Each structure stands twice: as structure tokens, then as C-alpha cells.
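The values are calculated or read from the model by the stated rules, or taken from the named source; none is laboratory data. It should be emphasised that the depicted structure is a prediction, and the values quoted were computed from it without experimental measurement. As a convention, Cβ positions derive from the backbone with ideal geometry for all residues, glycine included, and neighbour counts pool all protein chains shown. Just so you know, the surface numbers come from the protein's heavy atoms only, side chains and all, with ligands and any DNA or RNA stripped out. Shrake-Rupley method; radii C 1.70, N 1.55, O 1.52, S 1.80 Å.
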Amino acid sequence: MSFFGFGQSADIDIVLNDAETRKKAEHKSEDGKKDKYFLFFDGETVSGKVNVTLKYPGKRLEHNGIKVEFVGQIELYYDRGNHHEFVSLVKDLARPGELTQSQTFDFEFTHVEKPYESYTGQNVKLRYFLRATINRRLSDISKELGIVVHTLSTYPDLNSSIKMEVGIEDCLHIEFEYNKSKYHLKDVIVGKIYFLLVRIKIRHMEIDIIRRETTGTGPSVYHENDTIAKYEIMDGAPVRGESIPIRLFLAGYELTPTMRDINKKFSVRYYLNLVLIDEEERRYFKQQEIILWRKGDIVRKSMSHQAMIAAQRFEGSSNPEKAHSQSTEQDNS
């Protein structure tokens, strides 16, 4: 109940115009729970309605203006008081005055730039949301609607294989090779490991996928390593001349694209970590960075025209026919 005009005397609801047809994507929150959010791409228009419902019909609602915002922001968990906004758009829906009945306001943010992928990590969160606000003299009334943004890419032009050696003088010499250095999120890592010299008793061998999140700058840099996957290559002792194939499917793991120096606030990088354990529980390992990216050509078939234009921009192509031919070639590959 509201005494002397205090309290919230209206409810706000934000409804997207294409809510019934727009695809949703799962996204993990800070507490680890997964929720589904409306999925957007860079360059797409965000439009909808703000519904203001008066709780007490017949009673006037005085306000200092009604607005809706589209916000992209980064929050560092060790600096929670500061939200770093890299996108901030505002539409005024009503001038100061009063509402005598419930009302609906239309809004549209055209071809909105959404440069980064939505991300929730160990020390940082990057999110996009709509916020509708009724400005009042004592306390504002507001409502947020979160969305998820995916960044699209296409096949890298250069994608060289990775070849490395692991060695302990006169004890162990291993060569390992991965078929490429850049993988899309549904890709398969294919490789081989060659044992050229084995004079220690290896008991176990595995490949780990490690996500390294880096936040902050200068002396205030934080690194968080998270092991996303463990793939057992071998259980038992190898012999000289033996080669072991590797086939690791990425689709089953919770991965994001590689994110480098996002708004000068954080980075997310991925590494393949080859681990060998001998019979005395000594560990030998070699780490190699890989680039992960989100494949755009499959999504494009169900994307809006706006998102297709955005994807072309990522590909460095403004020619729709060229982009279409690229997509056809990729689908056939």
C-alpha cells in the first residue's frame, strides 16, 4: 500500500516487437545458473514497447519524464561500484507531466552497434540490457530487460597448423601437431603425437582446454585459469616410434570466442595444455594458445537482413553477392 504518495504506484514492462519470433540463447549468470535471453547481433535494430500500468486506477502519477535506454556495460567484480558503459543510447518517451491512465510507449534503437560478445566470467561481466525509467521526485521506477549478443566471424584466411616439441634431455622427446591454430566453437581439434624418445615411464597423458581470463591493467592485473575440458589421450606406457591420434570435439564444452583487450578492461584466451604424468607423479606439460571464433555462416540462414550486413562487416565484405558466395563455399566445405 502507498501512503502519502510514497511507494511504487506503477509497473513497467518492456516487450520486444519480435519477441515471438526472435531466437533465444542460453547464458550463464554470476551464480552459475543458465537462463535464456533474446539473441541479438551487431547492427541489428532493437525495438519494442514500454507498458506503464498504473496500480491504482483513477489516481494520477506525476513524473519528471519517462525514458528508455539501451546499455552495454562491463562490470569488474573487484570494482563493483563502477560500471564501464561502452554503449549508452537514450530515447525520451514522455516529457514531465502526469499519467491518468495506463499507457504504452513505442521505441526503436536503429542498427545498434554491439561490438562485443556477452560474457560472464570469474572476475568480469559484459552485458547488454534495456532499461525503462519513470523519473520521479522521490524515487524512480525502473525495469530492465537483459539480452545476449553473439559476435560472428568467418573462416580465417590463414590457419596454419601447430607443431611443437616437448623434451627432457636424454629422457623424453615428443613431437605433437594440431591441424590448425584457429577453431570455431563447434569445430574438431585433430592432431597427432609422436614419441621419438621415451626413457621415463609415462603413466598418463591428457590434453586440457584452459580458459585464461585477464582483468585490470598494470600492477592490478588478475589472471584466472579455468580448465574447461580434460581429454585423455593415453593410459599406459608409450614406446619409441609410437604415434597417437587426437580427435577432440569442441561442441560439448562451454566455450566463448577468444576476446582480446575488450574495451581495455579484460581479455579471454584459450590454450591447449598437453600434460604427461610419470609413474612417480611428476608432471610435464606444454601449453599452446589457440584462437576460438563463432561461425557466422550457419546462423546467417535464419538471421535478419540487418544482422547479415553486420556479419559482412566482420568479414570485411560489403558486397552481398560476395558474402553469399563465401557462405555457399563454406556450406559446401
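Quick check, is ARG269 within 23 Å of LYS182 (Cα to Cα), at pLDDT below 95 and assigned to a strand (DSSP E or B)? No; evaluated as a whole, the condition is false for this residue.
Somewhere in region 5-14, is a residue among the polar types (S, T, N, Q) and closer than 24 Å to GLU254 by Cα?
no
Kindly establish whether ARG60 is in contact with a Gly (Cβ under 7 Å, 6 or more places away or on another chain) and among the basic types (Lys, Arg). No, not satisfied.
Does GLY121 count as among the small types (Gly, Ala, Ser), within 20 Å of MET259 (Cα to Cα), in contact with a strand residue (DSSP E or B) (Cβ under 7 Å, 6 or more places away or on another chain) and at pLDDT 95 or above? Against the criterion (among the small types (Gly, Ala, Ser), within 20 Å of MET259 (Cα to Cα), in contact with a strand residue (DSSP E or B) (Cβ under 7 Å, 6 or more places away or on another chain) and at pLDDT 95 or above), GLY121 does not qualify.
Would you call VAL71 modelled with pLDDT of 95 or more and within 30 Å of LYS264 (Cα to Cα)? When the stated conditions are applied, VAL71 passes them.
Any residue in region 77-84 that is of a type outside the set (Val, Ile, Thr), assigned to a strand (DSSP E or B) and either modelled with pLDDT of 95 or more or farther than 27 Å from ALA25 by Cα (or both)?
no
Taking every residue in region 50-71 that is within 11 Å of LYS143 (Cβ to Cβ) and pairing it with any residue that is open to solvent by 90 Å² or more (accessible area, probe 1.4 Å) and in a strand (DSSP E or B), at least 6 positions away or on another chain, the pairs with Cβ-Cβ distances below 9 Å are VAL50/ASP106; VAL68/ASP92. Out of all the residues in region 166-206, which are of a type in the set (Val, Ile, Thr), open to solvent by 20 Å² or more (accessible area, probe 1.4 Å) and part of a strand (DSSP E or B)? The answer is ILE168, VAL188, VAL190, VAL198.
Pairing each residue of region 211-237 that is under 21 Å from GLY252 (Cβ atoms) with any residue that is open to solvent by less than 90 Å² (accessible area, probe 1.4 Å) and among the basic types (Lys, Arg), provided the two are 6+ apart or on different chains, yields C-beta distances under 6 Å for ARG212/ARG269; ASN225/ARG212; ASP226/ARG211; ILE228/ARG211. Taken over region 207-242, the criterion of being among the acidic types (Asp, Glu) and open to solvent by less than 30 Å² (accessible area, probe 1.4 Å) is satisfied by ASP208, GLU213. Just one of (1) touching a strand residue (DSSP E or B) at 6+ places or on another chain (Cβ under 8 Å); (2) open to solvent by 50 Å² or more (accessible area, probe 1.4 Å); (3) of a type outside the set (Gly, Ala, Ser) fails for ASN64. It is (1). Scanning region 81-104 for residues that are touching a residue at least 24 places away in the same chain (Cβ under 8 Å) and within 19 Å of GLY146 (Cα to Cα), which turns out most open to solvent (accessible area, probe 1.4 Å)? Of everything passing the filter in region 81-104, LYS91 is most open to solvent (accessible area, probe 1.4 Å). Look at ARG131 and say whether it is closer than 30 Å to GLY97 by Cα, surrounded by 14 or more Cβ atoms within 10 Å (Cβ to Cβ) and among the charged types (D, E, K, R). Yes; evaluated as a whole, the condition is true for this residue.
If you go through region 93-110 and keep only what is out of contact with any Ser or Thr (no Cβ under 6 Å at 6 or more places or on another chain) and either more than 18 Å from THR53 (Cα to Cα) or among the β-branched types (Val, Ile, Thr) (or both), you end up with THR100, THR104, PHE109.
For GLY43, the criteria (1) closer than 20 Å to ARG294 by Cα; (2) surrounded by fewer than 17 Cβ atoms within 10 Å (Cβ to Cβ) hold in every case but one, which is (2).
Each row is one residue, and each column tells you yes or no for (1) in a strand (DSSP E or B); (2) at pLDDT below 90.
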residue: ASP261; (1), (2): yes, no
residue: ASN273; (1), (2): yes, no
residue: ILE277; (1), (2): yes, yes
residue: MET308; (1), (2): no, yes
residue: ALA311; (1), (2): no, yes
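If you go through region 135-156 and keep only what is touching a Leu at 6+ places or on another chain (Cβ under 9 Å) and in a loop (DSSP other than H, G, I, E, B), you end up with ARG136, HIS150. Within region 243-256, identify whether any single residue is closer than 16 Å to GLY121 by Cα and either touching a Pro at 6+ places or on another chain (Cβ under 7 Å) or surrounded by 15 or more Cβ atoms within 10 Å (Cβ to Cβ) (or both), and answer yes or no. Yes, because at least one residue in region 243-256 is closer than 16 Å to GLY121 by Cα and either touching a Pro at 6+ places or on another chain (Cβ under 7 Å) or surrounded by 15 or more Cβ atoms within 10 Å (Cβ to Cβ) (or both).
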